Amino acid sequence: MLKHRGFTLIELIIVIGIIALLSTLAVVALGGARVKARDTRRRAELSQIGRFFSASSCFLPSNGAGDYDLADLFTEIKSRYPQASAIRLPTDPKSGSATKTNYRYLVVSADQCILYANLEKSDETITIPSVSAPSVGVGTGVLRANSAGVNGTDIYFQYSK
């Protein structure tokens, strides 16, 4: 009798099925970690730039008070503060680009400003429960807004002076 070496078709299909199932489970499990990592990056970048913007007083753009995307202000910031030339323009890790960062800067006066961004994690702990939109004068933290932002949730992080 001859002995055949190798695997049968059924054995190969079962192994491929098991590998597919395990890879699907891994992708699903790591998806939440990816969202959490992007939200952590948003918070860190906003906090770093917020400390720069509000070191002594808020950065007041030449166009005056208003709500700006950071990309709209970056050239003016670099020309006014030479030390900022070493800073790269931060962008939202999911929805940002070089022309639209989706990091917002709201300035009311030289003493009232905030940086804010839309987070992805919808079950984030709310630390500023009393407001329904990014607002000056309420501090730094996470809030629930009235409508969803560019990243699909109604959760925002703001860094306030």
* **Dipole magnitude of the chain, debye to nearest 20 (Cβ charges: Lys/Arg +1, Asp/Glu -1, about Cα centre)** => 560
* Asked: For SER47 and LEU25, what does the FRET efficiency come to when R0 = 25 Å and r is the distance between their Cβ atoms, rounded to the nearest 0.05?
  -> 0.15
* Using alpha carbons only, how many degrees (0 to 90, rounded to 10) separate the axis of helix 70-80 from the longest principal axis of the chain? -> 50
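Using just the helices of the chain, give the 222 nm mean residue ellipticity in deg cm²/dmol: DSSP H runs with n ≥ 4 each add -39,500 (n - 2.57), and the total is spread over all residues, rounded to 500. Mind dumping the intermediate values first?
Working: 2 runs with 56 residues, N = 161.
About -12500 deg cm²/dmol.
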* Span per principal axis, largest first, for the Cα atoms of the chain (Å) -> 92, 38, 21
* Asked: Taking springs between alpha-carbon atoms closer than 10 angstrom, which of SER56, SER95, SER23 fluctuates most in the Gaussian network model of the chain?
  -> SER23
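Per residue, how much accessible area does region 13-161 show when a 1.4 Å probe rolls over the protein heavy atoms, in square angstrom?
On the way: 8080 Å² over 149 residues.
Heavy-atom SASA per residue in region 13-161 reads 54 Å².
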* Report Rg/Rh for region 93-132, rounded to two decimals, where Rg is the Cα radius of gyration and Rh the Kirkwood radius. => 1.03
* To do: Starting from the Cα of LYS100, draw a straight line to each of the aspartates and glutamates and keep only those under 20 Å, dropping any in the same chain fewer than 8 residues away.
  => ASP39, GLU45, ASP67, ASP69, ASP72, GLU76, ASP92, GLU120, ASP154
* Fully extended contour minus Cα-Cα distance, from SER122 to LEU9, at 0.36 nm per residue -> 36.2 nm
* **Between 0 and 90°, nearest 10: helix 9-53 axis offset from the chain longest Cα axis** => 10
* Asked: Given a cut-off of under 8 Å on Cα pairs at least six residues apart, what relative contact order in percent is computed for the chain?
  -> 20
* Asked: Sorted by average packing, counted as other Cβ atoms within 10 angstrom per residue and highest first, what order do 8-19, 98-109, 137-148 take?
  -> 98-109, 137-148, 8-19
* Asked: Between ASN146 and ALA37, how many nm apart are label points set 7 Å from Cα along the C-beta direction?
  -> 3.7
* To do: Please work out how much length the chain gains when fully extended from ALA65 to ILE87, using 0.36 nm per residue of separation minus the C-alpha to C-alpha distance, in nm with one decimal.
  => 5.6 nm
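The values are calculated or read from the model by the stated rules, or taken from the named source; none is laboratory data. Note that this is a predicted model, so its numbers are computed, not measured. Neighbour counts run over all protein chains shown; Cβ positions are idealised from the backbone, glycine included. Calculation scope for accessible area: heavy atoms of the full protein, side chains included, ligands and nucleic acids excluded. Shrake-Rupley method; radii C 1.70, N 1.55, O 1.52, S 1.80 Å.
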